[in-house]
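Here's the structure, in structure tokens; my notes come after.
The values are calculated or read from the model by the stated rules, or taken from the named source; none is laboratory data. What you see is a predicted model; the values in this text were computed from it and never measured. Methodologically, a virtual Cβ is constructed for each residue, glycine included, from the backbone with ideal geometry; neighbour enumeration extends over all protein chains shown.
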């Protein structure tokens, strides 16, 4: 049995939604057992992103002013994004995504802010939840393989995870 077949997402946790109109901001926090420099590389290097993130980038995200093509896995949705903030290894911002990395005694507290259409907020939370699990395994030397887009939606536990986040955000689960 592969790592992917053995994977099951844990319970919904560490998330909140700032609700303004149709675009909400998902805030998701995860404690990682890896130093900020390693997490930074995973957030900015295209080769690392292809291993865990729900999007591909055609260039490095490590430099302010860099314009990269972002392609969301399994959707065909592509857009150009300009890096507006890159303070290694602490803060990264591009398009509608912002990352903060805080050093802790155990590693890094990673905080994501992502502006998402409110109808898909529970899906976004579940997708990033799974991506963070993949990232943690990758950085820990136990890669389980990228699970994003439609592949994530076919995992055991996807429906339960999206329902848990929908309940936390007081929204109807998206089908």
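This table checks each residue for (1) in a helix (DSSP H, G or I); (2) free of Cβ contacts under 8 Å to residues at least 12 places away in the same chain; (3) loosely packed, with under 15 Cβ neighbours inside 10 Å; (4) in contact with a helix residue (DSSP H, G or I) (Cβ under 6 Å, 6 or more places away or on another chain).
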{"residue": "65", "(1), (2), (3), (4)": "no, no, yes, no"}
{"residue": "74", "(1), (2), (3), (4)": "no, no, yes, yes"}
{"residue": "105", "(1), (2), (3), (4)": "no, yes, yes, no"}
{"residue": "109", "(1), (2), (3), (4)": "no, no, no, no"}
{"residue": "120", "(1), (2), (3), (4)": "yes, no, no, no"}
{"residue": "126", "(1), (2), (3), (4)": "yes, no, no, yes"}
{"residue": "132", "(1), (2), (3), (4)": "yes, no, no, no"}
{"residue": "137", "(1), (2), (3), (4)": "yes, no, no, no"}
Inset, instruction - Name the residue, out of 99, 113, that is touching a helix residue (DSSP H, G or I) at 6+ places or on another chain (Cβ under 8 Å) and modelled with pLDDT of 95 or more. - result: 99
Legend entry - the range 80-103 - residue that is touching a residue at least 40 places away in the same chain (Cβ under 8 Å), in a strand (DSSP E or B) and surrounded by 17 or more Cβ atoms within 10 Å (Cβ to Cβ) and, of those, nearest to the chain's Cα centre (by Cα): 99
Inset, instruction - All but one of (1) on the phi < 0 side of the Ramachandran plot; (2) surrounded by fewer than 18 Cβ atoms within 10 Å (Cβ to Cβ) hold for residue 145, so report the exception by its number. - result: (1)
Inset, instruction - Mind counting the residues in the range 16-60 that are in a strand (DSSP E or B), within 24 Å of residue 170 (Cβ to Cβ) and either in contact with a strand residue (DSSP E or B) (Cβ under 9 Å, 6 or more places away or on another chain) or touching a residue at least 24 places away in the same chain (Cβ under 8 Å) (or both)? - result: 12
Legend entry - Top-ranked residue of the range 148-175 - restricted to ones that are closer than 29 Å to residue 41 by Cα and free of Cβ contacts under 8 Å to residues at least 40 places away in the same chain, ranked as surrounded by the most Cβ atoms within 10 Å (Cβ to Cβ): 153
